1. Taking amide H positions as placed 1.01 Å from N in the peptide plane, with prolines and chain starts having none, which residues 5 or more places from S375, or on another chain, fall under 5 Å of its amide H?
2. Which percent of the accessible heavy-atom area of the range 262-322 goes to carbon and sulfur, probe 1.4 angstrom?
3. State the Cα centre-to-centre distance between the range 41-119 and the range 279-311 in whole Å.
4. Counting each DSSP H run of 4 or more residues in the chain as -39500 (n - 2.57), what helix-only mean residue ellipticity at 222 nm follows after dividing by all residues, to the nearest 500 deg cm²/dmol?
5. Which value, in debye to the nearest 20, gives the size of the charge dipole of the chain about its Cα centre, when Lys and Arg are +1 and Asp and Glu are -1 at the Cβ?
6. With a ≥ b ≥ c the root eigenvalues of the C-alpha gyration tensor of the range 1-157, is it rounded (a/c under 1.5), prolate (a/b larger than b/c) or oblate?
7. From the residues Q388, V46, A140, which one has its Cα farthest along the dipole of the chain in the positive direction, the dipole being from +1 and -1 charges on Cβ of Lys/Arg and Asp/Glu about the Cα centre?
8. Relative to the compact-globule scaling 2.2 N^0.38 Å, provide the ratio for the alpha-carbon radius of gyration of the range 51-134.
Amino acid sequence: MSVGSEIGVAQLEADPYPIYEQLRAEEPVCFVESVGLWLVTRWNDVQYVDKAPELFSGETEPSTLNRTFGKNLLGSEGAYHDRIRKIIYPWFRVGAIGDYPDNVITPIANELVDAFADRGEAELVSEFAEPLSARVLKQALGLGFVEEETLRRWFVELATGAANFEGDPEKQRIADAASAEVNVTLAPVIEQLQRKPDDTLLSSMVNTEVEGERLTLEEVQSNLKVMIVGGLQATTDLIALSLWAILSHPDQLAEVRADPKLIDPAIEEAARWHSPVGTSTRQTTRDTELAGVKLEQGSLVAAVLASANRDDRNWTDPDTYDVHRREGGHLAFATGPHLCIGARLARYETRAAWRVLLDRLPGLRLDPERPIELSGWEFRSPHHLHIQWN
């Protein structure tokens, strides 16, 4: 019997890493009935899937992303995908957002820390990581008029649809309602930006023209939803997961405090160790074979980034967090044509968050009475992160 027939969604949500280890050893390309996907779990195979769009297409059918957001950058391939990316990408270049760490992110981080610095304890997910990601995203997108709670609700409800691989109709109803609400809320803003552009990402999406082409209204709407989910989920979780990683290794935390140049490698190692985004979903364009397994045309495949980042064929002692690891880049932001377009901004936010917290909260440590709880396989995150300081 296939290992995949015994794997349930609840098991994956609770802790997918032991499952991935078993799959890498026994069934590296495995159909998991509960999610309707072939899970690809070894490093080389995951790389191959992500870098071969002509064989493993991001334009899947069915597509949880396209079903929830409308056709978008992540759920498309080929000329359509390349056109969308060329129009959106310029805003994310260093020249466009290079001032964000100093002029946007750090002031917001300091303002958030001001609210709890004198308490000696805080819950970092709700009091810091989430509001930091939300406020930076609001400024970047030009959504200052949207309440933070509304933005977070949109994220939760849209992400519910994006991760609805099992096709739960109630989950999809919630996501569809949020998608429609985003469209209605932003319609007048998009219309105004067409008349009066500004320096926000939304304005850039509305007005940027590449080779005589712009995004349609539907493309602006669908890709904005991608930015909301990615900008809140991946960034919030990277901040929280990376801080938990370093705080749960006090000896390495002391090294980072003594040598701030270790902040960047410490964050990258955390992204490898506990990947915020679990998979890249693809569909085979023709009959093919992968790791000795025959896949029919139209097979839905999940290249499991989180598993590849723990594959001992590519990493030494991969289940260990080590800020001194120097074994090359990880796949937490995917690779190939669908390499995460917002990865630079997510890294900017996480670095700024670390610097502010380490500078302002002496003796920063985990609250031993309130241990972390993690869940999720597609979007893995801590429910809370209680910390203390002197």
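1. Under 5 Å from the amide H of S375: S381, H383.
2. Values: 910 of 2180 Å².
That fraction is 42 percent.
3. Here the answer is 21 Å between Cα centres.
4. Numbers: 17 runs with 183 residues, N = 390.
Computed mean residue ellipticity for the chain: -14000 deg cm²/dmol.
5. With Lys and Arg at +1 and Asp and Glu at -1, about 900 debye.
6. Working: a/c = 2.28, a/b = 1.46, b/c = 1.57.
Taking the square roots of the gyration eigenvalues as a ≥ b ≥ c, the range 1-157 is oblate.
7. Highest projection toward the positive end goes to A140.
8. Working: Rg = 19.2 Å, N = 84, 2.2 N^0.38 = 11.8 Å.
Output field value: 1.62.
The values are calculated or read from the model by the stated rules, or taken from the named source; none is laboratory data. Quick caveat: nothing in here was measured; it's all calculated off a predicted structure. Virtual Cβ from ideal backbone geometry, glycine too; neighbours counted across all protein chains shown. Areas reflect the complete protein model, heavy atoms only, side chains present, ligands, DNA and RNA absent. Shrake-Rupley method; radii C 1.70, N 1.55, O 1.52, S 1.80 Å.
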